[in-house]
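Written out below as structure tokens is the structure these notes cover.
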Amino acid sequence: MRARLGTAQAIAATAHKIAHILYYDVLLSKEPYTESIFHLCDEQAHFREETRLRKQAAVLGFQVA
């Protein structure tokens, strides 16, 4: 993120991600904290990115195998 946004914005984005995970996944669900929460968020982000890239490829006329 730092390469794209710069140092200050990357720090803010990372803090926002951590705060979001802690608030929604720990405080609201009242489940104990585990490291798997971060892995789940990363998997979801990877899935969203892959879906977005597949849609872009389809718009450009490519077919992903």
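The values are calculated or read from the model by the stated rules, or taken from the named source; none is laboratory data. Since the model is a prediction, treat every value here as computed from it, not as a measurement. Heads up, the Cβs are rebuilt from the backbone with ideal geometry, glycines too, and the neighbour counts pull from every protein chain shown. Quick note on the areas: whole protein, heavy atoms, side chains included, nothing else; ligands and nucleic acids left out. Shrake-Rupley method; radii C 1.70, N 1.55, O 1.52, S 1.80 Å.
Points to keep in mind about this one:
- Most fluctuating residue given options ILE11, ILE37, ILE21, as computed from a GNM of the chain linking Cα atoms under 10 Å: ILE11
- Each other residue within a Cβ distance under 13 Å of GLU50 adds +1 if Lys or Arg and -1 if Asp or Glu, for a net charge of +1.
- The chain: GluC sites (Glu not before Pro) in DSSP loop, at most 16 other beta carbons within 10 Å: GLU35
- Accessible surface of the chain [probe 1.4 Å, protein heavy atoms]: carbon and sulfur percent: 62 percent
- Each Lys or Arg adds one and each Asp or Glu subtracts one; over the other residues with Cβ under 11 Å from the Cβ of VAL64, this totals +1.
- Nearest 10 degrees, 0 to 90: helix 36-59 Cα axis against the chain principal axis: 20 degrees
- A viscosity of 0.692 mPa s and a temperature of 37 °C, combined with the Kirkwood radius over C-alpha pairs in the Stokes-Einstein formula, give segment 8-59 a diffusion coefficient of 259 µm²/s.
- Against the main long axis of the alpha-carbon atoms of the chain, helix 7-20 sits at an angle near 70°.
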